[in-house]
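Structure, as C-alpha cells:
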Amino acid sequence: MKLRTSGAAHRSHPRDGYVIFAVLIVIVVLSLVGYRFADSMTSEYRAGVRLGDDAQVKMAAISGLNYAAAMLSDSTTLSSQLSGNPFDNEGTFGEVQLTPSGGTASPGRAACFSVRSVAVNDDGTYSQKYGVIDEGGKLNINSLIGIDPTGQALDTALMAILTAIMPQNGTNQTIADSIADWLDADDTARSSGAESSYYQGLSPSYSAKNGPLNSLDELLLVQGVTPYILYGGDTNRNGVQDAGEVDATRGLADYITVYGREINLSSSGTQRIYLNDADLATLYTQLQAAVGDDMATYIMAAKLFPTSAVPASSSGNQSQATPPSQIASAVQTAMNTAITNGTSGSQIQSLMDLINSQVTVAQTDAEGRTAPALVVPSPLNTSSQLQTLLPLLMDQTTVKQAVELVPRININTAPMNVLLAIPNMTATLATTISTQRASNVATDPGTVSAAWLVTSNTLKPAQFKSMEAYITGGTMIYRVQSIGYFKGTASNTNGGATGPLARMEAVIDTNQGAPRFLFVRDLSDLDNPRGFLPDQ
C-alpha cells in the first residue's frame, strides 16, 4: 500500500527579491537626476564665472579709456611722460595691470588693459601700435562745410581721399557728391549727388540732413555709402587681413571725422592777444609783454601806417638804421592821435602779412612840420628773428576774436591722403611736409603752432596764408581703443585667445584738463577673429 503525500509538502515557496529591482531603478533614476542637476549647476556656475570674467575685462577696458583720458588731458604728463607722443608709446599704453580694491589679484587672474590703435602710414599701409589716434589729423567734414557752405571744398576733398584709398571704385564721384549734398543747406542735387527728393522715394523714406553730422554712421544713409566704403573690408578693424575677410582695405572712417574742437588759447591755456582790439593802448602793452618791444612796435605801426611788401630775396639782410626809440616815439604819437580821434587803425588779416613787409611811418618835427618818413622793416624779415618770433606770435596772438574756432586739420599728424585733400595743397608740398615733420620735436612751440612750416621754408608765407583756414599744429580730440583681458591670457593656434577679452572705443575731448567723452561704444562683437591679442 502506498502512502499518499500532500502536494503542499513538495510546492516551492516564491522568492520576494523583486523589491531590490525597484530600489535599483529608483537609485539609478535619482542618480541620473542628481547628475543632470550637478551638470546643470556646473554649467550655470561656469556661465556665471564667464559672465563675471566678461564683466571684469569690460571694466578693465573702460578703465583703460579713463586712463588714456587722464594722460591726454594733463599737459604736463603729455609733454613729460609721453614726450608729446601719445600715438606710439608702449611704455605708457602697453600692458597696465589693475589692482583689485580688496588688495591683490589671484595668481594668473590679474585684470589688465592696453591702449591699442591702427595707425595709417604715409605709404598707405597700416600698423598696430600702442597709442591713440589723433582725430584732429582727419578731415573734419563738419568744419569744411562750415568754412565753405556750398560744399564744393568738401566735395573736392572727399573725391581726393576716395580716389587715393579706393581707386578702382567706380562710384567715388557719386559718393563725394552725395555726401556734400547731405551736409549742405540747399536742396539742389549735384550732378552725381542726391537730395531729399531721392531719399523720399526710398522705403522707408527719409530726408537729407542738410546740416552737420553727429556720427559717421549717419553716412550709411547717404546714396552710395556702404559699410565697406565707410569701414573697409577689414571687418574687425585691426589693420590685418584675417581669415574670412574680403581684404584689408580700410574705409573713409580712417580719414574723415565729425568730431573736432579748437580753442583760441595759447599753449599755456591763456587767452591770446587779439591783434584787432580797438583798445590800442592796452593792446600795445600786452604785445610788449608777450613778444617784445620791437615786434610790438612794428605790429602797432602796421595797424596805423601804410604797409608794403618787401621782396623775400632782399628781406633777410635788411638792417634797421633808425634807432628803435625813434620808431617807438613816432608810433606812440600816431597811436595817441588815433585814440583821440576814436579810431583803431587797420585790421590785420593774417600774421603772414607781417613777414617780408615794411611800414612807412609818417613823422613831424618839433614845430609840427612834416618830416621825412621812416621806412621800418618787419623784425620777421630776418631769418633768425623769424625762427624765434613767429612761433611766439602764432602761439600768443590771434586775428580772430572768437574763443571757439572752426576745428582745423593737425598738419603734424594728418595721413598723406588727408594732406592731399587740403585745399590749395599739392602733391609736392604734401610729400615735403610728411618728410620734414618726422624730425620735429612734438613739444616745440614751432611744432604745436605749425609755425615750422614757414620757419623751415617748407611753405612760403603766401602758401601758408592760403591754407591757414584749414590747418593747425595741435589737437584736442583723440580716438582711443582699450583692450581689457586677464594677465596670462594666451593665444591659440587659430589666432584667437583662450580667455575673455573686451574691446572699448571712445572719442575724448581733452577740454583743457577736464576731459569729456564725446562717444563710447563696445567693439567686442567685432572680434571674430580677435582683432588685438593680449600682451604675451
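The conditions are (1) in a helix (DSSP H, G or I); (2) closer than 20 Å to Tyr231 by Cβ; (3) in contact with a helix residue (DSSP H, G or I) (Cβ under 8 Å, 6 or more places away or on another chain), and Ala180 fails exactly one of them. Which is it?
Failed condition: (2).
Which condition breaks for Ser266 when tested against (1) exposed (fewer than 14 other Cβ atoms within 10 Å of the Cβ); (2) at pLDDT 90 or above; (3) of a type outside the set (Val, Ile, Thr)?
(1)
For every residue, the table says whether it meets (1) out of contact with any Phe, Trp or Tyr (no Cβ under 7 Å at 6 or more places or on another chain); (2) farther than 21 Å from Pro323 by Cα; (3) not hydrophobic (A, V, I, L, M, F, W, C).
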{"position": "Gly345", "(1), (2), (3)": "yes, yes, yes"}
{"position": "Ser357", "(1), (2), (3)": "yes, no, yes"}
{"position": "Ser383", "(1), (2), (3)": "yes, no, yes"}
{"position": "Val406", "(1), (2), (3)": "yes, yes, no"}
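Would you confirm, using the coordinates I've provided, whether Ala442 is closer than 30 Å to Leu162 by Cα, assigned to a loop (DSSP other than H, G, I, E, B), of a type in the set (A, V, I, L, M, F, W, C) and modelled with pLDDT of 90 or more?
Numbers: closer than 30 Å to Leu162 by Cα: yes; assigned to a loop (DSSP other than H, G, I, E, B): yes; of a type in the set (A, V, I, L, M, F, W, C): yes; modelled with pLDDT of 90 or more: no.
No, not satisfied.
Which members of region 273-305 meet the condition of being in a loop (DSSP other than H, G, I, E, B) and surrounded by 22 or more Cβ atoms within 10 Å (Cβ to Cβ)? Break it down into steps so the answer makes sense when it comes.
Taking region 273-305 and keeping what is in a loop (DSSP other than H, G, I, E, B), we get 275-279, 292, 305.
Across region 273-305, the qualifying residue is only Leu275.
Restricting attention to region 149-162, which residues are outside any helix (DSSP H, G or I) and in contact with a helix residue (DSSP H, G or I) (Cβ under 7 Å, 6 or more places away or on another chain)?
Residues of region 149-162 outside any helix (DSSP H, G or I): 149-151.
If the condition is that a residue be outside any helix (DSSP H, G or I) and in contact with a helix residue (DSSP H, G or I) (Cβ under 7 Å, 6 or more places away or on another chain), then Gly151 is the only one that fits.
Within region 168-198, which residues are hydroxyl-bearing (Ser, Thr, Tyr) and closer than 27 Å to Val507 by Cβ?
Of region 168-198, the ones hydroxyl-bearing (Ser, Thr, Tyr) are 171, 174, 178, 188, 191-192, 196-198.
Matches in region 168-198: Ser178 only.
Quickly run through region 371-405 and pick out the residues that are in contact with an Asp or Glu (Cβ under 7 Å, 6 or more places away or on another chain) and under 27 Å from Asp509 (Cβ atoms).
Step one: of region 371-405, the residues in contact with an Asp or Glu (Cβ under 7 Å, 6 or more places away or on another chain) are 371, 379, 405.
Hit for region 371-405 is Leu405, nothing else.
Provide a single number: the residues in region 117-134 that are of a type outside the set (A, V, I, L, M) and out of contact with any Asp or Glu (no Cβ under 9 Å at 6 or more places or on another chain). Even if it seems obvious, please write down each step before you answer.
So in region 117-134, the residues of a type outside the set (A, V, I, L, M) come out as 117, 121-131, 134.
Filter once more, keeping what is out of contact with any Asp or Glu (no Cβ under 9 Å at 6 or more places or on another chain): 121-125, 128, 134.
Of the residues in that region, 7 qualify.
For region 422-439, check the following and say yes or no: at least one residue is crowded, with 16+ Cβ neighbours inside 10 Å and within 17 Å of the chain's Cα centre (by Cα).
yes
Restricting to region 123-147, and then to whatever is surrounded by 19 or more Cβ atoms within 10 Å (Cβ to Cβ) and among the charged types (D, E, K, R), can you tell me which residue is farthest from Ser215 (Cα to Cα)?
The selected residue is Asp134.
In region 446-481, which residue that is part of a helix (DSSP H, G or I) and modelled with pLDDT under 95 is surrounded by the most Cβ atoms within 10 Å (Cβ to Cβ)? Please lay out each step first, then the result.
Initially, region 446-481 is screened for residues part of a helix (DSSP H, G or I), giving 446-448, 452-455, 461-467.
Narrowing the set further to residues that are modelled with pLDDT under 95 leaves 446-448.
Details: Gly446: 22, Thr447: 20, Val448: 25.
For region 446-481, the residue satisfying everything is Val448.
Which residue, of Leu82, Leu65, Leu78, is of a type in the set (A, V, I, L, M, F, W, C), part of a loop (DSSP other than H, G, I, E, B) and within 16 Å of Val115 (Cβ to Cβ)? Write out each step before concluding.
Values: Leu65 fails: part of a loop (DSSP other than H, G, I, E, B); Leu78 fails: part of a loop (DSSP other than H, G, I, E, B).
One residue alone meets the criteria, Leu82.
The values are calculated or read from the model by the stated rules, or taken from the named source; none is laboratory data. Keep in mind that what you see is a predicted model, and the values were worked out from it rather than measured. Please note: Cβ atoms are built from the backbone with ideal geometry, for glycine as well, and neighbour counts cover all protein chains shown.
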